[in-house]
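FYI, it's all coordinate maths here, none of it is from the lab. Just so it is clear, the model here is predicted, and its values are computed rather than measured. Because the Cβ atoms are built from the backbone with ideal geometry, glycine has one as well, and the counts that use them run over all protein chains shown.
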Amino acid sequence: MTTRETIERYFELLKARGDWPSLFSESATFTSFASPPRQIAGRDAFVKATGGFYGMILAVEVRDLLVDDERACALTHYRLQPPGGRPVFESDVAEVFLVRRGAIESFGIYFDTAPYPK
C-alpha cells in the first residue's frame, strides 16, 4: 500500500472499530505533543496506553490529508464520549505519520487539551 492508502485505511478501520492496530509496525513509536509531551515505543504499548482515547471515539472526520512520499499529515475532527456519563465533546487534531513498506512507523499528534476531561 502507498502512504496515502495506508492512512486512508487507518481512518476507515478507526471509523468501523476495526483492526486499526494491524497497520502499525511492531516497533512503531507514538508521540503526543500535548503538554506534557510523552512518547511510547512499540505498537502493543501504544495500543494499551491509548485505549481510553480510542474507546471514546463516536466519530472521526478527516478534514484534510497531506501526503509527501513516506510522510503524511491528517487534520482531523473527533467527537468523543468520555466514560461515566460525562458530556460529549469535540477535538481537532493534527496527526503526523511516517509510513514505510505499508506500515505506520511513527505517529505524532498535536491537539489542545482544554476540552478533555480532567
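Points to keep in mind about this one:
- Listed options for mean projected area of the Cα convex hull in nm² are (i) 11.5; (ii) 12.6; (iii) 6.8. The value calculated from this structure is the one marked (iii).
- Only Lys, Arg (+1) and Asp, Glu (-1) charged, at Cβ; the range 3-111 dipole about Cα centre in debye: 360 debye
- Our summary gives the range 3-111 a relative contact order of 28 percent, counting only alpha carbon pairs under 8 angstrom and 6 or more residues apart.
- Whether the range 62-110 is rounded, prolate or oblate, judged on the alpha carbon gyration tensor where a/c under 1.5 counts as rounded: prolate
- Pairwise centroid distance, computed over Cα atoms, of the range 11-51 with the range 53-68, Å: 13 Å
- Helical mean residue ellipticity (222 nm; -39500 (n - 2.57) per DSSP H run of 4+; nearest 500) of the chain: -6000 deg cm²/dmol
- 12 Å beta-carbon shell around A49, net charge (K/R +1, D/E -1): +2
- With Cα atoms, 0 to 90° folded angle of helix 3-15 axis to the chain main axis: 30 degrees
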